[in-house]
C-alpha cells in the first residue's frame, strides 16, 4: 500500500480531532509503502469514475436520449463522445440523460492515468459545437481504500470549456490532474463514494489552472470564448443551411488559432451578408474581442492570428503564502502573520475549511487572530501572474479562558484618496477597546479608550485590543491607512500607429507628462517600474512585434499600459502580367499572348470582368482568341511571393464603316467667269481633304476644306471625306475649264475669320481674299466700303464691343468684289469680386485621446474668421476667432473667412472625436488605444479622353490594403454601384467610371466631386471634369425670321448648335468647328441668298447675312 494512503488515513483522524486540512491531488501519484486504515479495502476492479455535467445555452441542444454512445441526439443533428486525448478514435462509454440538458458518463478507473476529453460535434459535418478537457483521471492506487467511486459533478460544457480545450490543443497540454480534493471534499465521502465539485465556487482543477497559465491568463480564455460563442452560435442555427456553412465556417476547428481565424472570416462575411448579420444582432453574439491585448474584428488579417497565439507568454506563478508562527500546538491564542515574497501580491485566506480563491475568502490586511483550534488556508494572487498554490496551517490552541474577539476596522485598511472616519468594534459584547495611533502597543496602561470613529488622514497606523472582565484580552489588531491623492501620468503614444506595413518601421514612443520616463517591453510581459527597458531612442521593427509601454513619474500614479502590434509583410511581389498586343480598338479578331517576367510564375485570367485570383479564373496555357469587345484581367502568382497586381486591358473589335463620298458643287465643266466651288460630306463629323494640283488627297496630304474654293483658272479638284474611326471615302474629282475672254473678272469677296457670331470676350477678326494681289477696304460703323471709302486692311481687327464689319476686295484691272459683311455681338461680362480663401484647421480633423487647441487661419490677408462648434453654419454673428479654440469633447468645428469687397469664403468643417482615457487602478493594463484613421489616398483626375463617350479613369498609387477596404464610391451624394456593367470598377491603381453604361449624371458635361470611402482611412476626394462627346446631331437654337422686304436680310439670323449623343453642346474637339450648310426646304421655290456655309465656333454656327 502506498505512503500517500497512510498520510490520508492519519489526516482523517486529525480532522476528527482538530479539524485539520488535507489536499490530496488526483493524477500521476507515486511512491510505495503501507497503510493502517481501519476501513475495509475495496478491490481495484470495482472502482469507477463518473462525470456529471450539463450543456450551456450556447448550443441550444435539447435533452439527450436515455443513453447516447457517440450517438445521435437532437433528432440526429449532434453527437457526443468521450475519449482519451491521445486516442480520439476510441469511444469510451455511454452518456445518460439526467433531465433537461444534463448528462452522466461513467468509466472504470484503470491502472494508468490518462487525459479524458469530452467533445460535442455536428454529426453530418464534424463541426465543433462544444468540448471540454477533463484532465488526467486518478488511478486505482491514487484513491483511499474505502473509496470505490469518484464523482466529478457540476461539470459544464460551454464556450469557456471549449475555449480551454482549443488552447490545450494549441499548447499541447494534457499532463495535468483532473481533480484536487479539499477538506470539504473529504467530508463528503459517503457510501464509498467521493464527490468533487467542478462548480464556479470550487477550487480550480489542476488542468484548468495549467491551461490558464499557458494561455497568458484567464482573460485570454474568456476572450477566445467570445469567438467560440459567435462561430458555434451561428453554425448550429437552422437558419444557416448546410450548403452555406462551409463557405463561412472553417472545418474542422481543432485549436485556438483556427477558431480565431473562423471568427474573423465569419464576422467579415457578416459585413456583406445581411442574413448572417441579422442572426448575430438578434442573438447578441460578439463581433470583436481583445486577445493577448490586441483587438480582433472583421478588419484583422487572418494570417497574423497563428503567430499572435504562438507569441503568448505563460504566466509566472505567485510565491506560496507563509505563516508566522507556523502550524502547531499552542497553549495560548496566536496572532498569525501571513506573507508572500512576490511584490504586489494580494493574500486571500479562509478559516472555515473552504479553499480560498479570488471569489472566496477574506483579503489579508493585518494578522489573523487565532484563539481556538482552526485551519487557516491562504492563496496569493496578482494580476498578470498565476495564482499560488493553496497553503494551509493547523493551529491547535489548548484550553484557556475564552479570548475577547480581536477588534476589527471599518473601512478595511488600505490606500484611499480621501480622509476617513474609522470605526473599531469587537464581536464580544460589552468589551472595552483601547487603541493607539503613535505606533506604540495599546495595553491596560497605554492608549485611548475607543468611543467614537477615529479621524484618519495621511499615513496612519491604528493598533487596538479588546478587554472584558473574566476573559483573556484579545490579540492586538493592526490597521495601516495610506491617504493620498495622486495624479496619473499620461499613457505613452506610439508613432507610427500600430498596423500592417510593407517595410520595416522605426517606432517612437512619447508621453505628454513632462519629466516622465517610459518603460517598454517587447516579450509580451507587462512593463512596470521593475520590468522592461527605459525608452531612449526609436525602436527598429522589422518583424511582427508587440510593444507594451508605461509612463512613470515620481509623485504620480503610473500611467495605463499602452500596447501596439506591428505586422511587417516583406514577401516579394510577383511581376504583373503583360499582354501582346496591348488593349485597344481593332477592326479584326486578335490573338492575345500573356507573359510574366517572374520566372516560374503562373498566370490566371478572366474574360467576364471579375477579378482573377488563386481561386478564380482560367490558368493561362496558350494564346487567347478575342473576337468581340472583351476586358481581360490577369494576375501572376508564385509560391513564396505575394500575388502580382492585376493587369487589365480592353479589346474592342469593331466593324469599320466607310465615310460617304463628298459632293462637289457646281459640277465640273467650262465656265466663263470665276466660280465658287463647295465641297460637302454627308457623313456627320467628317472633314473633307482636297487638292488642286492633280495629286490624290488622303488623311495625311491635301488641304482641309473650310470655305468655298474660288477658281479663276482651269484645274482639277480632287476630294475625299475623312472621319476618325472610319475608312476614308472613295475619292471624287471634277475638272473645271475657265475661259474668261469677256470683260475683266471680279475680285473674290473677302472672308472673315472667325465667322460672325456671339462672343463673350474680345475677338480678333482677320480678313482675307483668295484673289492674289487684292487689297481689302472695310468699315465697322455700318457704312459701305468702296474704292474711295473705308479703312485699308493690314492687321486683324480687334473688337471689344458689338459691330458689323463690311469689306470689299480691290485689284487693279479687275472689277471690285461684292461687299461682304459679318455681324459680331460682343458681350463681355462684368468682372466678379474675388472670394476669400476657405479657413484651414490645425490640427486636422480626427480622433484624439486628449483635448485639442485648434488654430484657424485663412490665406486671405486681413480676413476675419467666424466659427461655431455646435455644427451650425457660421455667420458674421457667430464667434469671431482670436485665439486657438479649445475642443475638450467630441464636436464639429465650422468656420468662414470674411473680408470687405470680397465674397465670403466657403464654409470649412472639421469633426474632432475626443476619447479621454478612463481612470482606474494599475495592475492589469488598460484598454487598447482608440483607432486612428489613416490619411486619405490621393486621387488624380482623368485629363485625357475624359468625355461622356469614354470611361473615366481616376488614378492613384496602388495600395492593395486601402483598395481592399474601400466600402463606397459616391458621385456627389449618390452612392455608385460596382461592376463592369454598372457604375464603376476598382482595380490596381485605377478607379474606372462608366458614363455610357452606368452613371446617368456623368452623361452631362461639367465638373463632379468623386468621394471614395475606405474603412480605417479618411475619405479620398477628387474633382473630375467631364467634357462633351463626339458630334452626333444638330439643333436649330435660333429660328430664322424673314425680313419685311423680299431679298432683304432675315430679321433674326439662324444659329445651329452641334450636340453629342447625350445632348451636350460640342464645345471642344474636332466636331466643335464642323462646317454647317443651310438650304431651302425641298419643294420650296424661293431663293436663299448670303453665306450658306459656316464653320461652327465652340459648337455654334451663327449665320449673319442670309436673305
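A short reminder: the numbers here are calculations on the coordinates, not readings from a lab. Computed from a predicted model, the values in this text were never measured in an experiment. Positions of Cβ are generated from backbone atoms using ideal geometry, with glycine treated the same way; all protein chains shown enter the neighbour counts.
Here segment 460-592 is described by how far its Cα atoms reach on the three principal axes: 119, 36, 24 Å, from widest to narrowest. Using a simple spin-label model with pseudo-atoms 7 Å out from Cα toward Cβ, residue 443 and residue 363 lie 3.4 nm apart.
Computed from the C-alpha gyration tensor, the three semi-axes of the ellipsoid equivalent to the chain are 96, 39, 21 Å, from longest to shortest.
Only DSSP H runs of four or more residues enter the estimate; each adds -39500 (n - 2.57), and after division by the residues of the chain the mean residue ellipticity at 222 nm equals -2500 deg cm²/dmol. Could you calculate, for segment 493-568, the ratio of the Cα radius of gyration to the Kirkwood radius, expressed as Rg to Rh? That ratio equals 0.97. Once the Cα atoms are used to define both axes, helix 256-272 deviates from the longest principal axis of the chain by about 40 degrees. Working from Cα pairs under 8 Å separated by at least six residues, relative contact order for the chain is 5 percent.
In segment 596-721, inverting the average of 1/r over every pair of distinct C-alpha atoms gives 19.6 Å as the Kirkwood radius. Calculated on the Cα set of segment 524-677, radius of gyration then Dmax: 32.7, 115 Å.
Multiplying the residue separation of residue 938 and residue 510 by 0.36 nm and removing their Cα-Cα distance gives an extension gain of 151.2 nm. Just round it to a whole percent: the fraction of Cα-Cα distances in segment 788-848 exceeding 14 Å. That fraction is 76 percent. In this calculation the C-beta distance from residue 965 to residue 536 is compared with R0 = 35 Å, giving a FRET efficiency of 0.50. Over segment 302-460, the fraction of Cα-Cα pairs per 5 Å bin, rounded to whole percents and listed from the shortest bin up, is 2, 8, 13, 16, 15, 15, 13, 7, 4, 2, 2, 2, 1, 1, 0. Remark: spin-label model distance residue 1035-residue 192 equals 10.5 nm, labels positioned 7 Å along the Cα→Cβ axis.
Once the chain from residue 98 to residue 794 is taken as fully extended at 0.36 nm per residue, the excess over their C-alpha distance is 239.0 nm. With bins 5 Å wide beginning at 0, the percent of Cα pairs of segment 722-790 falling in each bin runs 3, 10, 12, 16, 13, 13, 13, 10, 7, 3, 0.
Per 5 Å bin, what percent of the C-alpha pairs of segment 552-608 does each bin hold, from zero upward? Over segment 552-608, the share of Cα pairs per 5 Å bin runs 4, 11, 13, 12, 9, 8, 6, 5, 5, 4, 5, 5, 5, 4, 2, 1, 0 percent. Counted over all Cα-Cα pairs of segment 952-1026, pairs farther apart than 17 Å make up 38 percent.
Cα-based values for segment 327-416, radius of gyration first and Dmax second, are 14.0, 46 Å.
Can you tell me what percent of all Cα-Cα pairs in segment 840-914 are more than 14 Å apart?
For segment 840-914, the fraction of Cα-Cα distances above 14 Å is 56 percent.
Residue-normalised convex hull volume from the C-alpha trace of segment 727-843: 207 Å³ per residue.
With the convex hull drawn over the C-alpha atoms of segment 578-653, the volume per residue is 78 Å³.
Compared with the direct C-alpha span, the chain from residue 487 to residue 569 gains 25.5 nm at full extension, assuming 0.36 nm per residue.
Against the chain, whose longest principal axis comes from its Cα atoms, helix 159-171 is set at around 90 degrees.
For residue 469 and residue 851, the FRET efficiency from 1/(1 + (r/R0)^6), where r spans their Cβ atoms and R0 equals 51 Å, is about 0.20. Each residue, residue 901 and residue 832, gets one label point 7 Å from its Cα in the Cβ direction; the gap between the two is 1.9 nm. A Förster distance of 56 Å, applied to the separation of the beta-carbon atoms of residue 412 and residue 123, puts the FRET efficiency at 0.55.
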